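Structure first, then comments.
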Amino acid sequence: MIFETLIEKITEEFITHWNNREMDLLNSLLASNIEVSSPNISKLFPESVDNTLRNKNDVMQYWRKLNADHFFKMKLIVLGKTDRLITVLIDIGDVESKLFATFTINEYGKFSRVEITYT
């Protein structure tokens with residue numbers, strides 16, 4: 001039960017920091033070796049042909065650019081957990097699509113892996 005509460009808290013913090021454009025606070029939620037995959041990464045970083053970023057600095061550079069140039073508000077719709085895998089469905093204000101993310105949190109309560117798709 002404590003782990004579920006922690007997951008909810010961290011997820012809510014991430015969404016709040018994103019929506020408030022508090023990128024330094026968002027950065028504090030990430031593991032140094034975080035890995036993020038999204039089909040849109042190569043649109044902002046064409047050199048990332050596999051649409052994956054593999055360290056905190058690259059992830060934050062991408063999210064800062066995305067937040068500054070293509071901002072959207074996030075609203076949590078559903079949060080679920082299966083073993084160590086957490087899934088969220090997020091409304092991003094787009095009538096035609098939602099953000100679906102699967103992530104893991106390390107033993108320190110930091111995001112260590114995030115995979116983003118759009119429905």
Six or more apart or on different chains, Cβ under 7 Å: which pairs go from a residue in segment 78-107 that's at negative phi and among the basic types (Lys, Arg) to one that's in a loop (DSSP other than H, G, I, E, B) and loosely packed, with under 11 Cβ neighbours inside 10 Å? Could you list them? LYS98/THR119
Quick one: would you say LYS75 is among the charged types (D, E, K, R), under 24 Å from LEU6 (Cβ atoms) and touching a residue at least 40 places away in the same chain (Cβ under 8 Å)? yes
When you look at PHE72, is it modelled with pLDDT under 95 and surrounded by 14 or more Cβ atoms within 10 Å (Cβ to Cβ), yes or no? yes
Number of the condition not met by PRO39 [criteria: (1) surrounded by 12 or more Cβ atoms within 10 Å (Cβ to Cβ); (2) of a type outside the set (Phe, Trp, Tyr); (3) more than 12 Å from VAL114 (Cβ to Cβ); (4) in contact (Cβ under 8 Å) with a residue 60 or more places away in the chain]: (1)
I need the full set of residues from segment 42-57 which are of a type in the set (Gly, Ala, Ser) and either surrounded by 15 or more Cβ atoms within 10 Å (Cβ to Cβ) or in contact (Cβ under 8 Å) with a residue 24 or more places away in the chain (or both), in order please. SER48
Mind checking whether some residue in segment 87-95 is farther than 22 Å from GLU4 by Cβ, part of a loop (DSSP other than H, G, I, E, B), among the charged types (D, E, K, R) and modelled with pLDDT under 95? yes
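The values are calculated or read from the model by the stated rules, or taken from the named source; none is laboratory data. These numbers come from a predicted model, not from an experiment. Glycine gets a Cβ as well: all are built from the backbone with ideal geometry, and neighbour counts include every protein chain shown.
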